[in-house]
Amino acid sequence: MIVVTGATGNIGRHLVTTLAEAGEQVRAIARRPPDTGVPEGVEYRGADLSRPADLPSAVEGADALFLLLGPELSADGAAAAAVTDHARAAGVARLVAVSSQAAATRPDAPSHAGMRALEDAVRGSDLGWTLLRPGGFFSNAFGFAETVRERRTVLAPFGDVALPAIDPADIAGVAAAALRDPRHEGRTYVLTGPEPVSPRQQAAAIGAALGTGIDFVELTRDQAREHLLAAMPASVADGTLDILGAPTEEEVLVGPDVDKVLGRAPRTFADWAARNAAAFR
């Protein structure tokens, strides 16, 4: 059995479907059941990784575990260590965890200290581990949906700074491969999209998917920070803006790992926008 935490999120819902379609026995773990249900044959189990009492039942009987911690749990390594300890005690053999590219590219940044602690916990777990280090997600563009629907406008900082963000479905594809194949154990994959794309280019792609023009309004860093603080701690907001506004040389590179694992190029932002156009109508 493969246990998928964060099963209703941007990566998890794709991963659950991918594994189920491959014939795997899957347990989907989330705090709340998904609005659209789970694929036939998938077991849903409600659990909160912040509650130690929920952990044994979440991982019991599992052979492999996909670990995705929300921002409130990744502030330090305690949550990851608790999950890996229970996984080891339950007999889990393989662990695939989502970290962040910035765990390596920003080794001293307070914003990603939790991801570095998570990686330490995973490597020290005595399980067959694989680490996934994506950059930004295409799904972050859902943050534009309200203003696109209401005003046909995208508001974002650093309008012409392009980064090779990735489709969460491609992260799920790599995770599925690592969960099913021991040849991926002990590896760390940096996951990017096929090309750097700027916020202004994202706005144009969303407009093309909708068949209409989209205006772009560039926010100042302070304006963008105010928006981010509604969803994340100040240190994480500042670290995110540092990456978006002044990426390192490594952070703008297109990596080979998606192609290497999946045997195809990663999907484009235009493809993601076309598949998710309904969210912006």
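Using the Cα centre as the reference, give the magnitude of the dipole from point charges on the C-beta atoms of segment 211-273 (Lys, Arg: +1; Asp, Glu: -1; all else neutral), rounded to the nearest 20 debye.
On the way: 5 positive and 12 negative charges, 57 e Å.
Dipole size: approximately 280 debye.
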In terms of solvent-accessible area of protein heavy atoms at a 1.4 angstrom probe, what is the ranking of Glu24, Glu195, highest value first? Glu195, Glu24
With the Cα gyration tensor of the chain in hand, convert its eigenvalues to equivalent ellipsoid semi-axes via √(5λ) and list them largest first in whole Å. 31, 21, 18
For segment 218-281, alpha-carbon Rg relative to the globular expectation (2.2 N^0.38 Å, N residues): 1.48
Please compute the modelled spin-label separation between Glu185 and Arg221, points set 7 Å along Cα→Cβ, answer in nm with one decimal. 4.5
Rounded to the nearest 20 Debye, what is the dipole magnitude of the chain about its Cα centre when Lys and Arg each give +1 and Asp and Glu each give -1 at the C-beta? 460
Of the residues Gly143, Pro233, Gln25, the Cα lying farthest along the dipole of the chain towards its positive end, which is defined by charges on the beta carbon of Lys, Arg, Asp and Glu, belongs to Gln25
Using θ = phi - 60° and Karplus 6.51 cos²θ - 1.76 cosθ + 1.60, couplings along segment 153-162 (whole Hz; Gly, Pro as x): 9, 10, 10, 7, x, 6, x, 10, 8, 9
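May I ask you to give the percent of accessible area on segment 84-173 that is carbon plus sulfur, with a probe radius of 1.4 Å? Before the final figure, lay out the partial values.
Details: 1530 of 3190 Å².
Carbon with sulfur: 48 percent of the solvent-accessible area.
With every protein chain kept in place and ligands, DNA and RNA left out, what is the accessible area per residue of the chain? Probe 1.4 Å, answer in Å².
On the way: 12670 Å² over 281 residues.
Using a 1.4 Å probe on heavy atoms only, each residue of the chain averages 45 Å².
If a/c stays under 1.5 just call it rounded; otherwise compare a/b with b/c (prolate if a/b is bigger, oblate if not). Do that for segment 1-148, with a ≥ b ≥ c from the square roots of the Cα gyration tensor eigenvalues.
Cα axes put segment 1-148 in the oblate bin.
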Which value, in Å² and to the nearest 10, is the accessible area of Met1 when all protein chains are kept and the probe is 1.4 Å? 30
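The values are calculated or read from the model by the stated rules, or taken from the named source; none is laboratory data. All values reported here derive from a predicted model rather than from experimental measurement. A quick note on method: Cβ atoms are made from the backbone with ideal geometry, for glycine too, and the neighbour counts reach across all protein chains shown. In case anyone asks, the SASA skips ligands and DNA or RNA and just uses the protein heavy atoms, side chains included. Shrake-Rupley method; radii C 1.70, N 1.55, O 1.52, S 1.80 Å.
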